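Novice: The structure's right below; bear with me while I get my questions together.
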Amino acid sequence: MSNVEPYWVEISELRLKLPHLPRAFDGLRLAQLSDIHLGHRMTPERLAGVLAMVKEQGPDLLALTGDFVLAYGGMTSYTAELQAFSALLAELAAQMPVVAVLGNHDYWYNPAQVQTALERGGAVVLRNSVHTLQRDGQSLHLAGLDDVYEDYADLPALLARLPDAGGALLLVHEPDVADQSAASGRFDLQLSGHSHGGQVVLPLIGPPVLPHLGKKYPSGLYRVGNMFQYTNRGLGMTVPPVRFNCRPELTLLTLECAA
């Protein structure tokens, strides 16, 4: 299974009732992808198949939560892969808003190059900033916290930029910052990745290895205070390139008004 699972993408579907979701956004369908890790086994051709899966689901919004390249052990260039990614992403961005945050591997590689590729593909890259969707005079704020691992996150600055009115969702690569973001009381939902779910999950034991800032909320849905935290298991892999009992994931969230 360790040679099958890396290519066996699971679509995880959830419905969440959010207390501050504006009525105009009731039923919004949000797709999340994370930890694509272009390079090694994640080729542009394989990624094209995953993005086609996203398109087939017809979401209203796509959220990308970091680590677009694999930056381990060397100065590999991903110029060609990122150019291909931009072209593939542009096809989706022509049909739906796309928002993204960077991850630690993007910083280890070349954050400016990764951001440029995302923006050429039509994505809004959120680095301690906010992108607001409008429907029928109501606002849904998509806030993005920059990478925590590499100490580029600035939650106070992000909160200062976040309007007081309207619902708010948070994108941040590392899930374990949920304790701090939930304590702010401003977000109904945080979307993260980073952990890959552990890549290997042993029966009765769980994942034997989890990364820094991905140990407390490693996979799936959590309740942190009054906020939901969802950690996507990612598409790609880090070293070693193995998955067991931990399939790569495309998340589809249907957001509903709690009232």
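Novice: Looking only at the range 85-111, filter to residues that are hydrophobic (A, V, I, L, M, F, W, C) and under 24 Å from HIS212 (Cα atoms); which one of those is surrounded by the most Cβ atoms within 10 Å (Cβ to Cβ)?
Specialist: Step one: list which residues in the range 85-111 are hydrophobic (A, V, I, L, M, F, W, C), which gives 85, 87-90, 92-94, 96, 98-102, 108.
If we keep only those that are under 24 Å from HIS212 (Cα atoms) as well, we get 100-102, 108.
On the way: ALA100: 26, VAL101: 32, LEU102: 26, TRP108: 16.
Within the range 85-111, the match that is surrounded by the most Cβ atoms within 10 Å (Cβ to Cβ) is VAL101.
Here is a yes/no grid of residues against (1) in a helix (DSSP H, G or I); (2) touching a residue at least 24 places away in the same chain (Cβ under 8 Å); (3) within 29 Å of ALA143 (Cβ to Cβ):
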residue: ARG15; (1), (2), (3): no, yes, yes
residue: HIS20; (1), (2), (3): no, yes, yes
residue: ALA24; (1), (2), (3): yes, yes, yes
residue: GLN32; (1), (2), (3): no, yes, yes
residue: ILE36; (1), (2), (3): no, yes, yes
residue: LEU47; (1), (2), (3): yes, yes, yes
residue: VAL50; (1), (2), (3): yes, yes, yes
residue: MET53; (1), (2), (3): yes, yes, yes
residue: GLU56; (1), (2), (3): yes, no, yes
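Novice: Then there is this: Pick out, from the range 96-208, the helices (runs of 4 or more DSSP H) lying fully within it that include 3 or more residues that are in contact with a Ser or Thr (Cβ under 9 Å, 6 or more places away or on another chain). Write out each step before concluding.
Specialist: Numbers: elements: 104-109, 111-120, 155-161, 178-183.
Result: 111-120, 155-161.
Novice: Conditions first: (1) surrounded by fewer than 20 Cβ atoms within 10 Å (Cβ to Cβ); (2) farther than 21 Å from ILE11 by Cα; (3) touching a residue at least 24 places away in the same chain (Cβ under 8 Å); (4) not β-branched (Val, Ile, Thr). MET227 passes all but one, so which condition is the exception?
Specialist: Single failed check for MET227: (1).
Novice: I'm checking my understanding of the structure. Among residues of the range 127-158 that are in contact (Cβ under 8 Å) with a residue 60 or more places away in the chain and exposed (fewer than 15 other Cβ atoms within 10 Å of the Cβ), which one is nearest to the chain's Cα centre (by Cα)?
Specialist: Top of the filtered list is ARG135.
Novice: Which is touching an Asp or Glu at 6+ places or on another chain (Cβ under 8 Å), under 24 Å from GLN134 (Cβ atoms) and buried (at least 24 other Cβ atoms within 10 Å of the Cβ), of LEU191, LEU169? Let's see the steps before the verdict.
Specialist: Numbers: LEU191 fails: touching an Asp or Glu at 6+ places or on another chain (Cβ under 8 Å).
Of LEU191, LEU169, the one residue that is touching an Asp or Glu at 6+ places or on another chain (Cβ under 8 Å), under 24 Å from GLN134 (Cβ atoms) and buried (at least 24 other Cβ atoms within 10 Å of the Cβ) is LEU169.
Laboratory data are not the source of any read-out in this text; all were calculated from the coordinates shown. All values reported here derive from a predicted model rather than from experimental measurement. All Cβ positions, glycine included, derive from the backbone under ideal geometry; neighbour counts span all protein chains shown.
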